[in-house]
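**Q** I have a structure I would like to understand better, so I am pasting it below and will then ask my questions one at a time.
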Amino acid sequence: MATKSMAAGKSKDGAKEAPAEIRVRGQGARSVYERLRQSILDLSLPPGSPLDEATLSEQFAMSRTPIREALLRLVADGLARSLPNRNTIVAPIDFQQLPTYFEALTLMYRVTTRSAAMHRRPEHILVIRGLEAAYAEAVSRRDVLAMIQTNRDFHMAIAEAGGNSYFSGLFGRLLDEGRRILRIYYSSFDDRLPHQYVEEHSEMVAAIEEGDADLADRLATAHAAQIVRQIQNYIARDTAISLSVNLDRS
């Protein structure tokens, strides 16, 4: 008797495999998730944009099930928001909360970098150096999504070198929440990040490697301050331009 195509099979080593339909559906959900995530992070899907299951199902030529799974992942990541009417939108950016966000982010830059200088081991430095180089390469390619990801990984590696899981957990959530804010930061340079800001990473790593906690703290403070200042200036300029255009039309 022939086995059904949907039945679970076994791999060569005897391990039970998931049914083909489930594997395909899982791959579809992952593909939709990755593509939507990229569009949200690079702001081509602006905050507040609707994520309609029917429209996305047609766009990706898939059933609603993998679309729904992808949207649930985006909601879990904080990149999408489910509304009471069961619709889903791209998560808004609360610009009014940016000052308190920047305050928390700056503190965690300082705490994690100082802690890394005090507790780092050779294997930590090896990982941090590798991510520093990957970030510099992404900047040279003007690959913004790679810049955002490697920047997060670089600072998380520093946090993990400090050895405090509470710091790492909080910092990770702040960095994830700020991915789109960081996209605005790179946009302010037209995605051509000045080399001096790439060098700030190198200076922090050197201070960590030398075990100079005070210097690491000062460098992290300055690094966070220039990011915050650049974003604030860009938002203020963009707001002024938008206001001027609206006034001209009135």
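The values are calculated or read from the model by the stated rules, or taken from the named source; none is laboratory data. Because the structure is a prediction, the values reported are computed rather than measured. When we count neighbours, we look across all protein chains shown, and the Cβ atoms used for this are built from the backbone with ideal geometry, even at glycine.
**Q** For the stretch 146-162, enumerate the residues that are hydrophobic (A, V, I, L, M, F, W, C) and over 13 Å from Ile128 (Cβ atoms).
**A** Scanning the stretch 146-162 gives Ala146, Met147, Ile148.
**Q** Go through the stretch 108-123 and report how many residues are under 19 Å from the mean Cα position of the chain (by Cα) and either in the same structural domain as Tyr33 (by TED's automatic domain parsing) or without any contact (Cβ under 8 Å) to a residue 40 or more places away in the chain (or both).
**A** Total satisfying the criteria: 0.
**Q** Give the stretch 156-193 a look and list any residue that's touching a His at 6+ places or on another chain (Cβ under 9 Å) and modelled with pLDDT of 95 or more, or say none.
**A** Ala157, Ile158, Glu160, Ala161, Gly162, Gly163, Asn164, Phe171
**Q** Further question: Considering each of Leu126, Leu175, Leu145, Leu193 in turn, give the residue that is more than 21 Å from the chain's Cα centre (by Cα) and not small (Gly, Ala, Ser).
**A** The match here is Leu126.
**Q** Related question: Over 14 Å from the mean Cα position of the chain (by Cα) and farther than 20 Å from Glu123 by Cβ - does that describe any residue in the stretch 202-211?
**A** yes
**Q** When you look at Gly163, is it outside the structural domain of Glu34 (by TED's automatic domain parsing) and farther than 18 Å from Ser202 by Cβ, yes or no?
**A** Taking the combined requirement at face value, the residue satisfies it.
**Q** Related question: Working only within the stretch 108-132, note down all residues that are among the charged types (D, E, K, R) and assigned to a helix (DSSP H, G or I).
**A** Once the filter is applied, which keeps residues that are among the charged types (D, E, K, R) and assigned to a helix (DSSP H, G or I), the stretch 108-132 yields Arg110, Arg114, Glu123, Arg129, Glu132.
**Q** Right, another one. Just checking, how many residues over the stretch 35-63 are part of a helix (DSSP H, G or I), surrounded by fewer than 16 Cβ atoms within 10 Å (Cβ to Cβ) and touching a residue at least 40 places away in the same chain (Cβ under 8 Å)?
**A** Residues meeting the conditions: 1.
**Q** Would it be correct to say that Pro92 is out of contact with any strand residue (DSSP E or B) (no Cβ under 9 Å at 6 or more places or on another chain) and either farther than 19 Å from Ala224 by Cβ or assigned by TED's automatic domain parsing to the domain that holds Arg229 (or both)?
**A** In short, no.
**Q** OK, next. Of all residues in the stretch 199-216, which are in contact with an Asp or Glu (Cβ under 6 Å, 6 or more places away or on another chain) and of a type outside the set (Val, Ile, Thr)?
**A** His201
**Q** Which residue is surrounded by the fewest Cβ atoms within 10 Å (Cβ to Cβ), if the candidates are limited to the stretch 83-132 and must be on the phi < 0 side of the Ramachandran plot and basic (Lys, Arg)?
**A** Arg121
**Q** So which residues in the stretch 64-78 are without any contact (Cβ under 8 Å) to a residue 12 or more places away in the chain, farther than 17 Å from Arg179 by Cβ and surrounded by fewer than 15 Cβ atoms within 10 Å (Cβ to Cβ)?
**A** Across the stretch 64-78, the qualifying residue is only Arg64.
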